[in-house]
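Each remark here refers to the structure printed beneath this line.
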Amino acid sequence: MSEGAVKKEEKPRKFQAIRGTRDLLPPETAVWNRVEQTAHEVFGTFGFAEIRPPIFELTELFARSIGSDTDIVSKEMFAFEDRPSELSPPGPNEIPDDYTEAIQKSMDGGLIPSTPSNKRTVAAMRQKLAELHAAEDKRETQEVENAYLWWAFELQDLKLGDALALRPEATASVCRAYVEHGMQQLPQPVKLYYMGPMFRRERPQKGRYRQFYQIGAEVLGGSDAPAIDAEVIEMVMTFFDRLELQGVQLDLNSIGCRECRPKYVELLRAELVKVKDNLGADSQRRIETNPLRVLDSKLETEQGIIATLPRIADHLCDDCKTHYAAVKHQLEMRGVIYRENWRLVRGLDYYMRTTFEITAQGLGSQNAVCGGGRYDGLVELLGGPATKGIGFAIGEDRLILSLQESGKAAVQQGRDVYIAWMGEHARATAIRAAKDLRKAGFSVELPPVELKFGKALGQADKLGAKYALILGDNEVAEGLWTLKTLADGSQAKFTEPELLEHLRKQKALSS
Ligand code: AMP
C-alpha cells in the first residue's frame with residue numbers, strides 16, 4: 001500500500017473537552033454575560049471594586065489557607081511543578097553528562113532557580129560524573145554503576161521549579177494580594193470582588209465540574225462589626241433578587257472562634273466516640289480528622305444520632321454569642337430572611353464565627369449556590385498584619401443552571417436588522433447603512449454576498465431578525481428604503497434619517 005493510501009484511511013483524531021470541563025456556547029453565554037454584568041452593577045452599588053488575581057499560585061498558599069487536611073488540598077488540586085519541559089526526569093537512555101549540562105544551562109538562563117542549594121547539587125553531580133568516567137576508564141563496571149546511582153541520588157535534591165496549583169478558590173489569592181500590595185494602607189475595610197474559573201479534581205456530576213466559575217467578594221480590614229457581615233449577605237441576596245433567582249434559602253450559623261470552637265469540637269468528638277458504632281465509615285473517620293464535618297452528613301441512618309449531638313450555639317463564648325446575635329439583628333434591620341442551621345459548618349479550615357450558605361431551586365443534590373463566612377486571622381496566617389475578613393463565593397454554573405430551570409434565563413437573541421441587498425449600487429448603500437445602524441447601537445447582519453430577496457428574507461427569519469431592510473436599485477435611486485417587520489410582514493418606506501428615527505422609537509417602546 002502506498003503512503004498516500006495509508007494517510008487517507010487514517011481519520012484525524014477528534015478531540016473533546018476534558019471530563020469535568022465544558023464549552024459555554026451561545027446563546028447561553030449571553031446569560032453568563034447578563035449575570036456577570038449584574039454582579040458588576042450590584043457589587044458596585046455596595047462600594048466593591050474588582051480584583052483579577054492569577055489562575056495559578058504556589059501550592060503552599062492554598063495548603064496554608066484552606067488547610068492541608070481538607071479534601072480540596074489533599075485530593076482535588078491540579079498541582080504541577082513549574083519546570084522547563086526539556087528537564088523532565090532523565091530517561092533510561094539519557095546521557096548523564098548532557099543532562100547535567102542542560103541543568104547548568106537552565107540555571108544560568110534563569111529557567112530554574114539558581115539557589116546555593118541547587119549550585120551545590122550540580123557541583124556534586126559533576127563530581128559523581130568525574131568518578132563515573134574514571135571508573136569507566138578502568139573498566140570497573142560495579143564502580144560505574146555506583147557512581148551513576150550517586151549521580152541520580154544527588155539529582156533528587158535539585159529543585160527544578162516551584163510547586164504550583166491551579167486555584168481551587170480565590171479567597172487565598174485575594175488575601176495574598178492584600179498583603180503583597182500593602183492594602184492595609186488604604187482606607188479600611190477594603191472591599192473586593194472577583195469572578196472567574198476555579199479548578200477542583202472532583203467527581204463530575206450535574207452542577208459539579210472540574211473547571212467551574214465563581215463570583216465572590218471579600219471585605220478585609222480592621223473591623224469585624226456585625227454590620228459588615230450583614231451587609232455582605234444583603235449584597236448577595238440583592239444580587240440574587242435582581243436576577244430573580246427562585247427558591248432562595250439563606251442558612252446561617254456561627255461556628256465560634258479560636259477560643260470556643262476547639263472546646264466544642266472536643267465535646268463533639270467525645271460524644272461521637274460514644275456512638276461511633278452506629279456511624280458510617282466516613283463519619284467514623286471524621287471523628288478523628290474533623291468532627292465538625294460529621295454534622296454535614298446526608299446519610300439517612302445518621303440523622304437521628306446527629307439530632308442528639310451538642311449544638312455549637314450552646315457553647316459559644318460570650319463574644320461570639322454577642323456577635324452572632326448582632327449579625328442576626330442587623331440582617332433583620334435589612335429585611336434579609338434567614339434560617340438558623342446549627343449543622344452548617346463550612347468545609348474550609350479558615351472560617352470562624354458567621355458562616356452562611358444559600359441554596360436555590362432546580363439543582364438536585366448540588367443545590368448550594370453560595371457559601372461564605374468570616375475568616376479573621378487568615379491574612380495573618382499568610383504573613384500579613386492582623387486583619388479581619390469576611391467573604392463569599394457564588395457557584396456561577398449552578399446559579400445559571402437554577403435560572404434556566406426556573407425559566408429566568410431568557411436572553412434576547414437574533415439581530416435587530418437584516419439587510420437584504422441586491423445590485424452594486426445597493427451594496428455600497430448597504431455597507432453604509434450597516435455602519436450607521438451599528439453606530440446607533442443596533443445589531444445588524446449584512447450578508448457578505450448578494451442573495452435573491454426571497455433567500456435573504458428566509459435567512460433573516462432563521463436568524464430571528466426583527467426587521468429586514470430591503471435595498472435594491474429602486475430604493476437606492478429613490479432614496480426611500482423599504483423596512484419589513486418580520487413578525488407581521490408589514491412594510492413601510494423611509495428616508496435614511498426617518499428610518500433611524502423609526503427604529504430608535506420602536507426600540508424604546510419594546511425595552
Ligand atoms: P466553596 O468554595 O467550596 O465554599 O464553594 C462555593 C460555591 O461554589 C458552592 O456553593 C458551589 O455553588 C460552587 N462550587 C464549588 N465547587 C464546585 C464545583 N466543583 N462545580 C460547580 N460549582 C462548585
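The values are calculated or read from the model by the stated rules, or taken from the named source; none is laboratory data. Remember, it's a predicted structure, so these values are computed and weren't measured experimentally. Neighbour counts are summed over all protein chains in view; Cβ atoms, including those assigned to glycine, are modelled from backbone coordinates with ideal geometry. Please note that ligands, DNA and RNA were not included when accessible areas were found on the heavy atoms of the full protein model with its side chains. Shrake-Rupley method; radii C 1.70, N 1.55, O 1.52, S 1.80 Å.
Descriptive notes on the structure:
One line per residue, one yes/no per condition, for (1) closer than 30 Å to residue 411 by Cα; (2) surrounded by fewer than 13 Cβ atoms within 10 Å (Cβ to Cβ):
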residue	(1), (2)
34	yes, no
48	yes, no
78	no, no
91	no, yes
94	no, yes
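- One residue stands out among those in the stretch 398-410 that are touching a Gly at 6+ places or on another chain (Cβ under 7 Å) and closer than 25 Å to residue 373 by Cβ: the one that is most open to solvent (accessible area, probe 1.4 Å), which is 398.
- Long-range neighbours under 6 Å by Cβ, at least six apart or interchain, first residue among the small types (Gly, Ala, Ser) within the stretch 324-343, second open to solvent by less than 40 Å² (accessible area, probe 1.4 Å): 326/226
- The number of residues in the stretch 317-372 that are among the aliphatic types (A, V, I, L, M) and closer than 19 Å to residue 400 by Cα comes to 5.
- Subset tally (residues that are closer than 19 Å to residue 69 by Cα, of a type in the set (Asp, Glu) and in contact (Cβ under 8 Å) with a residue 12 or more places away in the chain) for the stretch 263-287: 1
- In the stretch 50-70, the residues that are open to solvent by 50 Å² or more (accessible area, probe 1.4 Å) and either among the small types (Gly, Ala, Ser) or closer than 11 Å to residue 168 by Cα (or both): 55, 56, 68
- Just one of (1) in contact with a helix residue (DSSP H, G or I) (Cβ under 7 Å, 6 or more places away or on another chain); (2) part of a helix (DSSP H, G or I); (3) of a type outside the set (S, T, N, Q) fails for residue 310. It is (2).
- Boolean, residue 384 is closer than 30 Å to residue 185 by Cβ and away from the ligand (no atom under 16 Å from the Cβ): yes
- Total residues in the stretch 155-168, condition touching a strand residue (DSSP E or B) at 6+ places or on another chain (Cβ under 7 Å), surrounded by fewer than 20 Cβ atoms within 10 Å (Cβ to Cβ) and in a loop (DSSP other than H, G, I, E, B): 3
- Filtered residues of the stretch 434-456 (kept if closer than 22 Å to residue 510 by Cα and open to solvent by less than 60 Å² (accessible area, probe 1.4 Å)): 434, 436, 437, 440, 441, 442, 443, 444, 445
- Whichever residue in the stretch 273-307 is among the small types (Gly, Ala, Ser) and assigned to a helix (DSSP H, G or I) and, among such residues, is nearest to residue 346 (Cα to Cα): 283
- Here residue 224 qualifies as touching a residue at least 40 places away in the same chain (Cβ under 8 Å) and not basic (Lys, Arg).
- If you go through the stretch 58-72 and pick out every residue that is among the hydrophobic types (A, V, I, L, M, F, W, C) and within 12 Å of the ligand (Cβ to nearest atom), you end up with 3.
- Those helices (runs of 4 or more DSSP H) lying entirely in the stretch 6-125 with at least 2 residues within 30 Å of residue 220 (Cα to Cα): 28-45, 59-66, 71-75
- Residue match in the stretch 316-332 (condition: within 16 Å of the ligand (Cβ to nearest atom), open to solvent by 30 Å² or more (accessible area, probe 1.4 Å) and more than 25 Å from residue 172 (Cα to Cα)): no
- Candidates 394, 390 - the one that is crowded, with 21+ Cβ neighbours inside 10 Å, within 11 Å of the ligand (Cβ to nearest atom) and β-branched (Val, Ile, Thr): 394
- Within the stretch 333-355, restricting attention to residues that are within 20 Å of residue 244 (Cα to Cα) and crowded, with 18+ Cβ neighbours inside 10 Å, the residue that is farthest from the ligand (Cβ to nearest atom) is 336.
- Restricting the stretch 173-218 to residues that are surrounded by fewer than 20 Cβ atoms within 10 Å (Cβ to Cβ) and in a strand (DSSP E or B), the residue that is nearest to the ligand (Cβ to nearest atom): 208
- Contacts under 6 angstrom Cβ, first residue in the stretch 103-131 being under 18 Å from residue 84 (Cα atoms), partner of a type in the set (S, T, N, Q) and surrounded by 14 or more Cβ atoms within 10 Å (Cβ to Cβ), 6 or more apart: 107/114; 112/106; 122/104
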